[in-house]
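All remarks here apply to the structure that follows.
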Amino acid sequence: MSESNLLIVEPKKFSFNEVFKLESGEKLNGFEVVYETYGELNKQKSNAILICHALSGNHHAAGVYSKEDIKPGWWNELIGPDKAFDTNKYFIVSLNNLGGCHGSSGPNSINPETNQEFGAEFPIVTVSDWVNSQNLLREELKIEFARKEWKKLIAQGWRRTEEVWTKKEG
């Protein structure tokens with residue numbers, strides 16, 4: 001990676017310190033989400049793009065953590081100045097979803113009721129739970145857009161994927 005394209009990033013942590021009700025009916029007594037941002041949020045707070053990883057990915061989508069770091073993020077070729085997701089124009093947010101294994105609350109987290117790792121006792125989270133936790137991060141970052149529309153679009157995409165899988169099996 002050339003020195004001129006070097007994007008130095010730092011992971012951040014969003015802490016939600018209230019009860020978070022999951023789609024299953026279970027509750028988390030707060031949670032944390034690890035994320036990174038690239039670029040600047042404009043005055044209208046309307047230039048944000050949320051980058052979601054594959055189910056097993058993490059929040060480190062672009063850049064490196066230091067000049068000595070040799071492992072850039074998984075979408076480094078697409079996120080940055082003058083790239084497809086141009087950080088001169090857009091404020092990019094990449095996060096590790098709730099329930100993930102890379103710093104966000106998940107099975108490796110400490111259960112406050114037992115002071116032990118949750119492990120298999122961590123509640124099952126759904127795409128809807130991800131969207132709701134992402135929306136709380138959006139609010140924290142003061143990003144403006146219609147929550148219902150965003151949630152609706154993600155949910156429609158997920159349902160469409162389920163339909164395709166069902167048709168292949170059936």
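The values are calculated or read from the model by the stated rules, or taken from the named source; none is laboratory data. In this text, all values refer to a predicted model and were calculated from it rather than measured experimentally. Cβ: placed from backbone, ideal geometry, glycine included. Neighbour counts: every protein chain shown. What goes into the accessible areas is simple: the full protein's heavy atoms, side chains included, and nothing from ligands, DNA or RNA. Shrake-Rupley method; radii C 1.70, N 1.55, O 1.52, S 1.80 Å.
Some points to look at:
- Taken over the stretch 29-50, the residue count meeting the criterion of being within 21 Å of residue 64 (Cα to Cα), out of contact with any Phe, Trp or Tyr (no Cβ under 7 Å at 6 or more places or on another chain) and not charged (D, E, K, R) is 3.
- For residue 158, the criteria (1) at pLDDT below 60; (2) open to solvent by less than 60 Å² (accessible area, probe 1.4 Å); (3) within 18 Å of residue 50 (Cα to Cα) hold in every case but one, which is (2).
- Among the residues examined, residue 66 does not qualify as over 14 Å from residue 98 (Cβ atoms) and at pLDDT below 90.
- Residues in the stretch 110-132 that are in a loop (DSSP other than H, G, I, E, B), open to solvent by less than 80 Å² (accessible area, probe 1.4 Å) and either more than 21 Å from residue 52 (Cα to Cα) or of a type outside the set (S, T, N, Q) (or both): 114, 118, 122, 123, 125.
- Some residue of the stretch 77-98 being of a type in the set (Lys, Arg) and within 25 Å of residue 140 (Cα to Cα): yes
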